[in-house]
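Written out below as structure tokens is the structure these notes cover.
The values are calculated or read from the model by the stated rules, or taken from the named source; none is laboratory data. These numbers come from a predicted model, not from an experiment. As a convention, Cβ positions derive from the backbone with ideal geometry for all residues, glycine included, and neighbour counts pool all protein chains shown. The accessibility values were calculated without ligands, DNA or RNA, using every heavy atom of the protein model including side chains. Shrake-Rupley method; radii C 1.70, N 1.55, O 1.52, S 1.80 Å.
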Amino acid sequence: DAGVTQSPTHLIKTRGQQVTLRCSPKSGHDTVSWYQQALGQGPQFIFQYYEEEERQRGNFPDRFSGHQFPNYSSELNVNALLLGDSALYLCASSSFTYEQYFGPGTRLTVT
Amino acid sequence: AQRVTQPEKLLSVFKGAPVELKCNYSYSGSPELFWYVQYSRQRLQLLLRHISRESIKGFTADLNKGETSFHLKKPFAQEEDSAMYYCALSGLAEGGGADGLTFGKGTHLIIQP
């Protein structure tokens, strides 16, 4: 089991563009959470998906949206990119427990 | 609102010395508390959680509900303990399962030889 995988590893976008990040959960996990980690900060919770629905959302604007597929993989979409969206985006998966397993992250740079 | 505070951005100790990384939280209810660690060039990984009461790599953490603290301790630091340490909490989501994690800003622990 490769654990949680994320793609792409790095991404450079221009202000105003849209981006899609992808995550495959650890085998046996059905819940996916997304986090944004700005430089020098701890990860901040964006939202969580379970049974293909957004179950919980952090304090992020509607420009941030997501999707979960029947195979439990997930996408994070960000519209109308701002310079402040530059960050490491982490995906974490879990089953019906509190323990979350993290992926390596996608580094997004907005210029 | 739930919050996790790690007052030390950087902590430097000598090898063999005791280590204590501080974590305080605010949460209305009974949260789950965790310590996550990120070694250089590696992904974030769970070090320990309060409910398991385990000692992992010599680290322990006791939940003090009165002081709303969950400090991480190790009696004798080793060079391989150098890493970023994050304290985090989670509540119980509606319908069961865990809420998203709320993290502190992290403490960079440096163990000097």
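Only residues that are over 23 Å from B:GLN38 (Cβ atoms) and at pLDDT below 95 were counted in the stretch A:72-111, giving 1.
The set of residues in the stretch B:31-54 that are hydrophobic (A, V, I, L, M, F, W, C), in contact with a helix residue (DSSP H, G or I) (Cβ under 9 Å, 6 or more places away or on another chain) and facing chain A (nearest Cβ under 8 Å) contains only B:PHE34.
Quick grid of which residues meet (1) more than 28 Å from B:VAL4 (Cβ to Cβ); (2) under 13 Å from the mean Cα position of the chain (by Cα):
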{"site": "A:THR14", "(1), (2)": "yes, no"}
{"site": "A:GLN18", "(1), (2)": "yes, no"}
{"site": "A:LYS26", "(1), (2)": "no, no"}
{"site": "A:GLN41", "(1), (2)": "no, no"}
{"site": "A:ASP62", "(1), (2)": "no, no"}
{"site": "A:VAL78", "(1), (2)": "no, yes"}
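Just to be sure before I move on: is A:ALA80 in contact with a Phe, Trp or Tyr (Cβ under 9 Å, 6 or more places away or on another chain), touching a residue at least 24 places away in the same chain (Cβ under 8 Å) and not basic (Lys, Arg) in the structure I sent? Answer is no for this residue. Determine whether the stretch A:4-26 contains at least one residue that is within 14 Å of another protein chain (Cβ to nearest Cβ) and free of Cβ contacts under 8 Å to residues at least 12 places away in the same chain. No: the stretch A:4-26 contains no residue that is within 14 Å of another protein chain (Cβ to nearest Cβ) and free of Cβ contacts under 8 Å to residues at least 12 places away in the same chain.
When you look at A:GLY84, is it within 14 Å of chain B (Cβ to nearest Cβ), outside any strand (DSSP E or B) and either over 20 Å from B:ARG41 (Cβ atoms) or open to solvent by 10 Å² or more (accessible area, probe 1.4 Å) (or both), yes or no? No: the conditions fail for A:GLY84. Every test in (1) modelled with pLDDT of 90 or more; (2) at positive phi is passed by B:GLY95 save one, and that test is (1). Looking at A:ARG107, A:ARG15, A:ARG63, A:ARG22, just one residue is open to solvent by 30 Å² or more (accessible area, probe 1.4 Å) and in contact with a helix residue (DSSP H, G or I) (Cβ under 7 Å, 6 or more places away or on another chain), and that residue is A:ARG15. Highlighted here are the strands (runs of 3 or more DSSP E) found entirely within the stretch B:1-98 that include at least 3 residues which are open to solvent by less than 10 Å² (accessible area, probe 1.4 Å): B:32-38, B:83-90.
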